[in-house]
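Asker: Below is one structure. I have some questions about it.
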Amino acid sequence: MTSKAKLLYSKSKVYVHPTPNSKDNIPGFVGLVRPSHAEDSGILVAWVPEDDLKVNHDYDQYVKVDLDENLVLKEALVSTPPPSSFSSYGFSVPIRDIYSIYYKRPSLGWWWGSITINTRGSETLPAIFFHDSESPSTKNEQKKRNKDFDPFSNDGNLYWGGDTFLLYLEKYAKLVNPSGSNNIFLVNPTQEDLDLYSNSNNKVAAKDEEDPFVKVFNDVKWKVLSKLASVTKFSRNTAQQLFDSTPPKVKTLLNIPEVQKVNDDFGSAKVYLAKWALGIAEEAQRSKRKSVYNEGYRKFLKGELGDFELLSIDFESERRNPIGIKEWNAFFDPIGHLVLTVEEVKERIFHGGLQPEVRPQAWLFLLEIIPWVSTDKERKKILNQKRHEYNDLKKLWWDDLENKNHDEFWLDQKSRIEKDVHRTDRSVSFFAEAEVSHPDPNSRFAETGTNAHLEQMKDMLITYNEYNKNLGYIQGMSDLLSPLYVVFQDDAVAFAAFCKFMDRMERNFIRDQSGMRDQLLTIDHLVQLMLPQLYEHLAQADSTHFFFFFRMILVWFKREFAWDDVLTLWEVLWTNYYSSDFVLFVALAILDKHKDIIMTHLNQFDEILKYMNELSMTMDLKDILERAEIQFLNFRKAIDMVDRKRQDMSSSTFLASGSTDYSLTDTEGSKAAKQKLTDHELPNITRDLRNLLSKEIVIVKEVERDPDVGGG
Amino acid sequence: MSHRKKAMLKIVILGDSGVGKTSLIRQYVDNKFSTQYKATIGADFFNRELQVDDHTVKMQLWDTAGQERFQSLGVAFYRGADCCVLVYDVNNPKSFEALKAWRDEFLVQANPRDPETFPFVVVGNKVDIEDNNKRVSTKRAQAFCRANGNMPYFETSAKEAIGVEAAFEVIARNALSQAESEDYNEDFTDAINIHLDSDKSPCMC
Ligand SMILES: Nc1nc2c(ncn2[C@@H]2O[C@H](COP(=O)(O)OP(=O)(O)OP(=O)(O)O)[C@@H](O)[C@H]2O)c(=O)[nH]1
Ligand SMILES: [Mg+2]
């Protein structure tokens, strides 16, 4: 049994993040505990998991001290926290054994501030993260400060939970902030410490015990890759030479057929290997998630401290199982009324997608062919009506073929459609066979044959060409139609669905390409805000036109993911759950995932384009969607933070100068004034960015078609 | 000119949708034809090496979209091209008539130093398709090429691998000599600039 000690300070909702997955985060308290009779330097800095406190009944004490603003409590006796425990990440260390504290306040890229303690024995204790938004005492303090118009702490930064920790620690220890670093505090440093520190900053970077596999890999990775880079042709011979000087783990790596086969498309075996390494890192990460208590976690924590832009782990995203028919049917009562809210259904679809047998029903709702609030009977009626509509539209041109066959535009479009249908998704069983001889013996496809589904596709697209006269048929549309047709297996319903889908996709196809331009520009702004380092690199590589996203955005990643994944992706996007432009966050997620490789290896526009094009059919949709969600949540939070900060600034200027409130407008006129204000360099939240928070789909219609202009 | 060789020859392939640009490039690069190639959206490139006389040249072949409006955003890759290939479908007169527009579009976007001498090569594809009364005659195509700066002209079939190697060899040679003359020009202008600079600098301050 440990003896009782006095709890001097405590802060709730301080977490250890053992893995990048927020599910694994462990909540606890950080505290200052004075064992009986201990002097100041014997005071323990401790982090104790909530669960441990519940076991030894100290939990209430920690809560009390945390909420006691003025520390008027005379006595809060707790048991002395153990130095470390096998069962958890908990630790305690006397002040005299602490060498330094690394202090990382929350920032745009990293929502939770954190503190890492380095001991004099060169041990790095797990970083502890202050989840301010969950901690009642921190929230109280923030509210108070906001009320007083002073959200900042003494050092001029936004107040956060770690501030009070340092404040209290300073009562019992001398904290020295060595010159050249504002994130490190040396604790009760000797003169020797200070000298040493200024001589080598390395001392603080404590050695970690890495997962041996990750370590081997990290040590040799770049050596091997750079050797490979200097080998012009990656032949079996040179590979063999490399093998002999390479540790076994990497030998396995080089034996993988894909790597062996590498033909240096742009002189870059290294890129393939780096890509492969990304897969390995992910695999390692995944296996880490499985066991909470493994040695590799410090590796991650170190990475976190070193890199501002690492995937943020404060938001959680986890894909769920797709909705099966049973679950779907349970969403409705016997007459077909939805029993959940639309938002609930969309949330479920957004996070899980649908199983194939649910799609023919669910897509009708998602594409708003039938309203969410309706009965089975009403829906049947609507579908019947859609069938009539399609037949009527089709009949219009079908009965007019005499004339149409003299209309050059029409003939052009028809052959364009024909050509494209024969080049669309031919590996999907529906379209694969060409068993039927062509209805038109003069067709250029008379020789190759066709099938009923290909013919239906042509009819639907020709009908659309007539139906939306100004836009007409444009390449890419056949890619958008084919999944609808295959899912509904009904041309009339597929056509109705296609028209609805095209409502929001029309902006991608309009002649002046302004819709695509706008979206690529929005990506530009998004990357500037969310991945600034990558943006700088892309700018140097002449790639900030983001042309490599053109195809991905135009047909919603149809060409980049396998068929089944495309269906899932589209239904996720159709929910508009977070944003009607969530597709841009999918693009952002892809960049985020590959940014290290891009920044390390790709310096030219053509290299980057090739790399991005070759991601096609290699990407893991589940992972990308999880990243996209996290990117969105981070984005939303960033906007919120910038807005709040701007508001704070403007209200303080308002008080000072009596000027009007201009901080939230993005107009040119306020620029000068704003510049004076924002020496904190707040990012400019453009209207493009703000629009990303909207769930309303953007509809842009093509202008009227000049009869002299073709369909190009 | 043997001193400095450009590492990569950049070749841009243009022409109406469906004339067989992708099929031609893939036939040349992978030696195969597939009916599964999709309509090109955006742009992509493929590399191939080729022995020209005593040295190996590396070609970067840019495959573009025939859908005209998709060109407007993707002209970045026109720049720095060493040769432009104009492709049409011999069975589709429209695609032949469009060649001039493609050529002009390229000159505007790529803005080569000397538009008069910039090398174009014309390729009439799909000669494997027979008895077509609409077919553009070889004569007509040759006349057009002669009238427009003596562009070399080839007839090919990407499907049957007819004429493809021959066409690309000439494309490579043209690109190579274009790259060399650019090199030469650069050296030349550099020399002039240095000369001017040293002349000017005394009176500039
Ligand atoms: N018979 C025959 N068909 C060909 C030949 N070359 C291409 N095709 C066919 O013509 C169609 C279009 O070929 P692509 O190579 O995709 O045409 P493209 O010029 O790249 O078209 P876009 O990407 O839309 O600009 C496909 O159905 C090909 O199979 C050829 O030499 N002979
Ligand atoms: Mg193509």
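The values are calculated or read from the model by the stated rules, or taken from the named source; none is laboratory data. All values reported here derive from a predicted model rather than from experimental measurement. Cβ sites come from the backbone with ideal geometry, for glycine too, and all protein chains shown count toward neighbours. Accessible surface is based on the protein model in full, side chains and every heavy atom, while ligands, DNA and RNA are left aside. Shrake-Rupley method; radii C 1.70, N 1.55, O 1.52, S 1.80 Å.
Asker: Determine which member of the set A:ILE597, A:ILE624, A:ILE639 is surrounded by 15 or more Cβ atoms within 10 Å (Cβ to Cβ), of a type in the set (Val, Ile, Thr), over 28 Å from A:ASP564 (Cα atoms) and more than 14 Å from chain B (Cβ to nearest Cβ).
Answerer: A:ILE639
Okay, residues lined up against (1) more than 9 Å from chain A (Cβ to nearest Cβ); (2) more than 14 Å from the chain's Cα centre (by Cα); (3) of a type outside the set (Gly, Ala, Ser); (4) under 17 Å from A:PHE547 (Cβ atoms):
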site: B:ILE11; (1), (2), (3), (4): yes, no, yes, no
site: B:GLY15; (1), (2), (3), (4): yes, no, no, no
site: B:ASP30; (1), (2), (3), (4): yes, yes, yes, no
site: B:SER34; (1), (2), (3), (4): yes, yes, no, no
site: B:ALA43; (1), (2), (3), (4): no, yes, no, yes
site: B:THR56; (1), (2), (3), (4): yes, yes, yes, no
site: B:THR64; (1), (2), (3), (4): yes, no, yes, yes
site: B:ARG69; (1), (2), (3), (4): no, yes, yes, yes
site: B:ALA76; (1), (2), (3), (4): no, yes, no, yes
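Asker: Would you confirm whether any residue within region B:175-184 is over 23 Å from B:ALA81 (Cα atoms), away from every other protein chain (no Cβ under 14 Å), modelled with pLDDT under 95 and more than 16 Å from ligand 2 (Cβ to nearest atom)?
Answerer: no
Asker: Which residue, of B:THR35, B:THR22, is closer than 21 Å to B:ASN91 by Cα and part of a loop (DSSP other than H, G, I, E, B)? If you could, list the steps in order and put the result at the bottom.
Answerer: Details: B:THR22 fails: part of a loop (DSSP other than H, G, I, E, B).
Selected residue: B:THR35, the only one of B:THR35, B:THR22 that is closer than 21 Å to B:ASN91 by Cα and part of a loop (DSSP other than H, G, I, E, B).
Asker: Open to solvent by 60 Å² or more (accessible area, probe 1.4 Å) and either within 16 Å of ligand 2 (Cβ to nearest atom) or of a type in the set (Ser, Thr, Tyr) (or both): does that describe A:SER374? Spell out how you get there, then give the answer.
Answerer: Details: open to solvent by 60 Å² or more (accessible area, probe 1.4 Å): no; either within 16 Å of ligand 2 (Cβ to nearest atom) or of a type in the set (Ser, Thr, Tyr) (or both): yes.
No.
Asker: Something else now. Show the residue pairs that are 6+ apart or on different chains and have beta-carbon atoms under 8 Å apart, the first residue being within region B:37-61 and closer than 14 Å to B:THR22 by Cα, the second being within 12 Å of ligand 2 (Cβ to nearest atom) and at pLDDT below 90.
Answerer: Pairs that qualify, where the first residue is closer than 14 Å to B:THR22 by Cα and the partner is within 12 Å of ligand 2 (Cβ to nearest atom) and at pLDDT below 90, are B:ILE41/B:PHE70; B:GLY42/B:PHE70.
Asker: Among the numbered criteria (1) at pLDDT below 90; (2) more than 13 Å from ligand 2 (Cβ to nearest atom), which single criterion is violated by B:MET59?
Answerer: Going through (1) at pLDDT below 90; (2) more than 13 Å from ligand 2 (Cβ to nearest atom) one by one, B:MET59 breaks only (1).
Asker: Can you tell which of B:ALA98, B:ALA39 is more than 10 Å from ligand 1 (Cβ to nearest atom) and either out of contact with any Phe, Trp or Tyr (no Cβ under 7 Å at 6 or more places or on another chain) or within 13 Å of another protein chain (Cβ to nearest Cβ) (or both)?
Answerer: That would be B:ALA98, the only listed residue that is more than 10 Å from ligand 1 (Cβ to nearest atom) and either out of contact with any Phe, Trp or Tyr (no Cβ under 7 Å at 6 or more places or on another chain) or within 13 Å of another protein chain (Cβ to nearest Cβ) (or both).
Asker: Across region B:82-95, which residue is farthest from ligand 2 (Cβ to nearest atom) among those that are open to solvent by 10 Å² or more (accessible area, probe 1.4 Å) and part of a helix (DSSP H, G or I)?
Answerer: The residue in question is B:PRO93.
Asker: Please find, within region B:42-81, the residue that is nearest to ligand 1 (Cβ to nearest atom) out of those that are open to solvent by less than 20 Å² (accessible area, probe 1.4 Å) and of a type in the set (Ser, Thr, Tyr).
Answerer: Only one residue fits best here, namely B:THR64.
Asker: Can I ask one more? So A:ASP425 passes all but one of these: (1) outside any helix (DSSP H, G or I); (2) at the interface with another protein chain (Cβ under 10 Å from one of its Cβ atoms); (3) at negative phi. Which condition number does it fail?
Answerer: A:ASP425 satisfies all of (1) outside any helix (DSSP H, G or I); (2) at the interface with another protein chain (Cβ under 10 Å from one of its Cβ atoms); (3) at negative phi except (3).
Asker: Restrict the check to region A:532-554 and report whether at least one residue is under 28 Å from the mean Cα position of the chain (by Cα), at the interface with chain B (Cβ under 10 Å from one of its Cβ atoms) and polar (S, T, N, Q).
Answerer: yes
Asker: Restricting attention to region A:600-621, which residues are without any contact (Cβ under 8 Å) to a residue 60 or more places away in the chain and open to solvent by less than 10 Å² (accessible area, probe 1.4 Å)?
Answerer: Result: A:LEU615, single match.
Asker: Yes or no: A:ASP512 within 14 Å of another protein chain (Cβ to nearest Cβ) and open to solvent by 20 Å² or more (accessible area, probe 1.4 Å)?
Answerer: Criteria met by A:ASP512.
Asker: Let me ask something else. Pick from region A:357-371 the residues that are of a type outside the set (Asp, Glu) and outside any helix (DSSP H, G or I): which of them is most open to solvent (accessible area, probe 1.4 Å)?
Answerer: In this case the residue turns out to be A:PRO371.
Asker: Continuing with the same structure: Test each condition in (1) open to solvent by 60 Å² or more (accessible area, probe 1.4 Å); (2) touching a residue at least 12 places away in the same chain (Cβ under 8 Å) for A:ASP392 and report the one that comes out false.
Answerer: Answer for A:ASP392: the failing condition is (2).
Asker: Could you list all residues from region A:388-403 that are under 19 Å from A:MET457 (Cα atoms) and either in contact with a Phe, Trp or Tyr (Cβ under 7 Å, 6 or more places away or on another chain) or among the charged types (D, E, K, R) (or both)?
Answerer: Passing the criteria: A:GLU389, A:TYR390, A:ASP392, A:LEU393, A:LYS394, A:LYS395, A:ASP399.
Asker: Hey, another quick one. Testing B:VAL122 on (1) more than 15 Å from ligand 1 (Cβ to nearest atom); (2) of a type outside the set (Gly, Ala, Ser); (3) in a strand (DSSP E or B), one condition comes back false. Which one is that?
Answerer: Result: B:VAL122 fails condition (1) only.
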